[in-house]
1. Work out the FRET efficiency for residue B:357 and residue A:171 from their Cβ-Cβ distance, taking R0 = 30 Å, and round it to the nearest 0.05.
2. Rounded to whole Hz and in sequence order, give me ³J(HN,Hα) for region B:173-178 from the Karplus expression 6.51 cos²θ - 1.76 cosθ + 1.60, θ = phi - 60°, writing x for Gly and Pro.
3. Mind putting together the pair-distance distribution for region A:100-151? All Cα pairs, 10 Å bins, whole percent per bin, short to long.
4. Determine one quarter of the surface area of the Cα convex hull of region B:178-220, which equals its mean projected area, and express it in nm² to one decimal.
5. How long is the gain from residue B:159 to residue B:31 if the chain were fully straight, where each residue apart is worth 0.36 nm and the alpha carbon distance is subtracted?
6. Counting other C-beta atoms within 10 Å, which of B:36, A:252 has the fewest, and how do the rest follow?
7. In terms of the Cα gyration tensor, with a ≥ b ≥ c the square roots of its eigenvalues, is region B:235-369 rounded because a/c is under 1.5, prolate because a/b exceeds b/c, or oblate?
8. Would you kindly state the longest site-free stretch of chain A, with sites defined as GluC sites (Glu not before Pro) in a DSSP loop (not H, G, I, E, B) surrounded by at most 13 other Cβ atoms within 10 Å?
Amino acid sequence: MKKKLFGFCAALCMLMMLVFPVYAAAEDAPFNESEIPFRTMVTDNADLLTDAEEKELAAKAWDLTRTYNCAVYIVTLPSLEGMEAWEVTEYLWTEYHMGYGEDQSGVMLMLSMEYRDYDIAAHGYGNVAFTDYGKEVMAERFLPELGDDNWYAGLSIYLDCCGEFLELAAEGTPFDVGSDSDPLFEAGISLVASLVIAFIVTVRLEAQMKTAKMQKAAQAYIDQQGLVLSVQRDHYTHTTRSERYDPPKKSDGGTTVNDDGFSHSSGKF
Amino acid sequence: MATGITTYQCPACTGPLHFVGESGKLECDYCGKAYDVAEIEKLYSEKEAASVEAQAKADAARERENAAAQEMGMSWDAQEVAGMKNYNCPSCGAELICDATTAATSCPYCGNPTIVPGQFTGGLKPELVIPFRLDKQAAIKALKNYYRGKKLLPKSFKDQNHIEEIQGVYVPFWLCDCEVDGSIHYHATNTSTWREGDYVVTQTKHYEVDRSGQIGFRQVPVDASTKMPDAHMDAIEPYDYSDLRPFSSAYLPGFLADKYDVNQQESLPRIQSRAENSAEMEMRNTVQGYSTVTATSKNLNFSHSGMKYALMPVWMLSTKWKDQNFLFAMNGQTGKLVGDLPIDNGKRVAWFVGTAIVSLLLQLAFWWW
């Protein structure tokens, strides 16, 4: 069944091998085409793209792949056929020897149309370039377009993000928690916090200058017995419950990698 | 018109006696002899009674003189007369004009400490007194120490301000035994929060809490003199009541003393407010184990079982700087000193800006690290 499902992938793979020229020169090591057995960068089994769109996206993905020695894939499927999204991406990656080099470095965006599931899976060097937070941000950027069925626009954003994150990783600073913070906004927050701290310090210093104050209570004069309670009743009445939407954010950064060397970010579009 | 007043004179040399807080005795400035309060009290009890009688006669005579002067159109107005009394200094004979509430003072001409008879007799006699324990030098030292560590104090204040006046004053206080009973109703909640997927769930348990009870207070002090600023008198509390002694005018020489001019009834609202606030705080302290507690209704009843008239030792220090007067009060027993100091606006701005800059740099360094 799985072979039937992905038979088209293999065929397209052979086609793409003929279509794309071989490029050399990556950032750190020369790109070696033989290091990437599966070169079908865009596999549109769900038929979401026109041929021209598919070719354009595939060219862009291939360009990223050879520039950064990290395979960038897009796969669309009609259905997950009862599997979880992450199970499907791991199956494809392993079954079709996806990724670049010995450690099968790469990233894949998989879309399944049946229940509109997506999964971003990374492997090898892809786990370095695409952190958990990076994958979340990437999804936040392309999901609005995919939600509106703007497939080409959404997938283009995905490739743009891949380019941006791979470039940052190549520079030694992978996109992670804090990478997308606005320095001006942070400086503004710091300024406000500093003014509040300065105000508190000044008010405390001023309070030292005025010590003649009326007493509001008489704690020092309570007799030895103290408070004698005649009634002490605590009565439970009811419980209320409220919910607030707050998707979890990773505050410590990094990438969570499973035993098979994959990291994922899944959801619905 | 002027009448006699009492001075405590040394039985050995007739020099004026002063009460000295450190020794707790009356000491002679001239021959240096010291006497127990009880000893001098016994010696002067008869003399004091005679002075009171003389004072009563003098007051009557003065009233007659005033009436005559009024007929001749030469009198002071009634308010002025009501607020003043005059005496002759037994040491130098000078005529002293005092406030009607003054009970102990000293002659501005010869410095002789004097007790005004009749001010502390009968129903006006205080029941208790806490004698001075700290002297004038201790008050001056405490004021200098008070300036230390005040970052906003103008630099010139310490050097240029001068102590205009320093007076040890026995301030009249009412000490009130009272009780507050009643009930307070609270609404309390306990909140727990956890995450369910992409949702933060908050569960709040609500409780109705009732507390009823009573709480007693012993000898809550409230100053009974309109001359004394209430904030200063409140702020130098508390006094150590273990030093309370039965009143004797023998503790007064060397200090000023006033009789009360705020009566018990007028003092009660301040005591009631403090006692009720304390009762609320104590009841609130028994409501524990909740995230939030809000008092929704309360019913408190205040009652008092008695008030005692007492004199408390206070050093009043007045300083002047740039034509402004600054008043300080020090507890003559414990040494606690309070008072408002001037603020250097330049220093205030410098501290604000400096703190803001340092704080900002630390935060930016943290972000950039």
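Here, each number is a calculation from the coordinates, and none is a lab measurement. Predicted model only: the values in this text are computed from it and were never measured. As a convention, Cβ positions derive from the backbone with ideal geometry for all residues, glycine included, and neighbour counts pool all protein chains shown.
1. Numbers: r = 33 Å, r/R0 = 1.09.
FRET efficiency, residue B:357 to residue A:171: 0.35.
2. For region B:173-178, the Karplus curve yields 10, 9, 10, 10, 8, 8 Hz.
3. In whole percents, the pair-distance histogram is 24, 46, 26, 4.
4. Values: hull surface 18.2 nm².
Dividing the Cα hull surface by four gives the mean projection, 4.6 nm².
5. On the way: separation 128, 0.36 × 128 = 46.08 nm, distance 3.69 nm.
Full extension from residue B:159 to residue B:31 adds 42.4 nm.
6. Numbers: B:36 12, A:252 8.
Result, fewest neighbours first: A:252, B:36.
7. On the way: a/c = 2.88, a/b = 1.31, b/c = 2.20.
Because a/c hits 1.5 or more and a/b fails to exceed b/c, region B:235-369 counts as oblate.
8. It runs A:172-269.
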